[in-house]
Amino acid sequence: VSPLTVGVDLGGTHIRAVAFDDDLAPVARTAAPTAAEEGVNAVVGRVAESVRAALARAGSDLEDVRGVGVGAAGLIEWPTGMVLLASNLGWRDVPLRDLLSAALDGAAVDVDMDTNAAALAEARLGAGRGLRHLLYVTVGTGVGGGELLDGRLYRGASGGAGQIGHVVIDPAGPRCGCGGQGCVEVYASGAGIVARAREHGLTADTEGVFRAAEDGDPAATEVVERAADALGLALATYVNLNNPEAIIVGGGVAAAPGYRERAERTLRQRALPALADVVAVLPGALDGDAGAIGAALLVSEDDGRST
Ligand SMILES: [Zn+2]
């Protein structure tokens, strides 16, 4: 039997672990609640348990694992795998890679941002298959991104590259969770859409705001259009800086009717025409497994593990 790789998607609500074979076909999977309120050690313990359970279900164990990759929401230092900040977990400076490796009898562990994992998955096996220059953007509660330059995941000096959600659209705009003002995320994300709608006196969840816009509510329409335009402006800036072949837009909010299309229209109006001409804007092609697949790819493509 060839060794397995385990990919873990560590989110604010769920831990998903999938064991993959050499061809990255899923062999076994497990899921557990994150329950971040129980603290770092409990969460790390549950991640370790999920990894062991996935391997056991695949008829294997830690003796015979190639490595464990984890994609986690938040800002992560790479290659140390230190979670600098993960607001949905309530974590700051958590050495996740080292803690998890210790909990897994010293197994090789890679930890990266979930957006980098998803970008890698889409680039290798999804909508960006065969492309060398692409940006992956996810629009959900927040706005995140990951980028491939010259065929490789680009992480920057400390692992934080690709923060398209914090490109500033309006320096005098609303406060962002990052401490800045007027970032893309305060307009384009699910949470941003809800907050901007509330400023117009419209109290609804993200879906409710989109529904109100479809029903012709002028305030909701303005908020929804502003959301897609803000994303499109940031994407135009990205296109001008990096000349990508494709921008892959994933996430639940981006799937709302017309959202991606309007962002693309704004991008094409605002980017340099010669660069806008070569970029394709595509929906993500991988379903809920993108995070786990990408996490497993972190292991197979790792060349920077620091220990
Ligand atoms: Zn921000």
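Where the only charges are on Cβ atoms (+1 Lys, Arg; -1 Asp, Glu), what is the dipole of the stretch 144-266 about its Cα centre, to the nearest 20 debye?
340 debye
The value of relative contact order for the stretch 56-192, using C-alpha pairs under 8 Å at least six residues apart, is 17 percent.
Net charge dipole, the stretch 130-203: roughly 100 debye, given to the nearest 20, about the Cα centre with Cβ charges of +1 for Lys and Arg and -1 for Asp and Glu.
Across 11, 180, 159, mean-square fluctuation computed from a Gaussian network of the chain (C-alpha pairs under 10 Å connected) peaks at 180.
Per residue, the solvent-accessible area of the stretch 214-307 (1.4 Å probe, heavy atoms of protein chains only, all protein chains present) comes to 46 Å².
Please work out the FRET efficiency for the pair residue 195 and residue 172, using the Cβ-Cβ distance as r and a Förster radius of 22 Å; give the result to the nearest 0.05. That gives a FRET efficiency of 0.85.
A simple packing score, the average count of other Cβ atoms within 10 Å per residue, orders the peptides 140-150, 65-75, 79-89, 29-39 as 65-75, 140-150, 79-89, 29-39, with the highest score first.
Between beta-carbons, use under 9 Å as the cut-off and find the net charge around residue 220, counting Lys and Arg +1, Asp and Glu -1.
Working: positive: 211; negative: 214, 215, 217, 222.
That sum, taken over residues with Cβ under 9 Å, equals -3.
In the stretch 178-306, taking the dipole from charged Cβ atoms about the Cα centre, the farthest positive-side position among 182, 276, 195 is held by 182.
So what is the 222 nm mean residue ellipticity for the chain from helices alone, if each DSSP H run of at least 4 adds -39500 (n - 2.57) and you divide by all residues, rounding to the nearest 500 deg cm²/dmol? List each step's numbers first, then the result.
Details: 10 runs with 114 residues, N = 307.
One gets -11500 deg cm²/dmol as the mean residue ellipticity at 222 nm.
Find which of 30, 149, 224 sits farthest along the positive direction of the dipole of the chain, computed with +1 on the beta-carbon of Lys and Arg, -1 on that of Asp and Glu, about the Cα centre. Most positive-ward Cα: 224. Phi angles across the stretch 293-302 convert, under the Karplus curve 6.51 cos²θ - 1.76 cosθ + 1.60 with θ = phi - 60°, into 3J(HN,Hα) values of 4, x, 5, 5, 5, 4, 5, 6, 9, 5 Hz, Gly and Pro given as x.
The stretch 212-291 and the stretch 73-124 have Cα centres separated by 27 Å. Extension gain for residue 64 to residue 93 (0.36 nm times residue separation, less C-alpha to C-alpha distance): 7.4 nm. The stretch 161-202 and the stretch 132-155 have Cα centres separated by 19 Å. Restricting attention to the stretch 1-96, close to 75% of DSSP beta bridges with both partner residues there are antiparallel.
Among DSSP bridges having both ends in the chain, what percentage is antiparallel? Round to the nearest 5. Could you put the intermediate results ahead of the total?
Working: 30 of 51 bridges.
Antiparallel bridges make up about 60 percent of those DSSP assigns within the chain.
To put it simply, the accessible area of the chain at a 1.4 Å probe is 50 percent carbon and sulfur. In a simple Cβ point-charge model (Lys, Arg +1; Asp, Glu -1; nothing else charged), the chain has a dipole of about 420 debye relative to its Cα centre. Comparing mean-square fluctuations of 118, 246, 172 from a GNM of the chain with C-alpha springs under 10 Å, the top value falls on 172.
Within the stretch 28-160, what percent of beta bridges assigned by DSSP are antiparallel, to the nearest 5?
On the way: 15 of 20 bridges.
If we restrict to bridges inside the stretch 28-160, about 75 percent are antiparallel.
Note: relative contact order over the chain, using C-alpha pairs below 8 Å and six or more positions apart, is 19 percent.
The values are calculated or read from the model by the stated rules, or taken from the named source; none is laboratory data. Quantities reported herein were computed from a predicted structural model and do not represent experimental measurements. Neighbour counts run over all protein chains shown; Cβ positions are idealised from the backbone, glycine included. All accessible areas refer to the heavy atoms of the entire protein, side chains included, with ligands and DNA or RNA removed. Shrake-Rupley method; radii C 1.70, N 1.55, O 1.52, S 1.80 Å.
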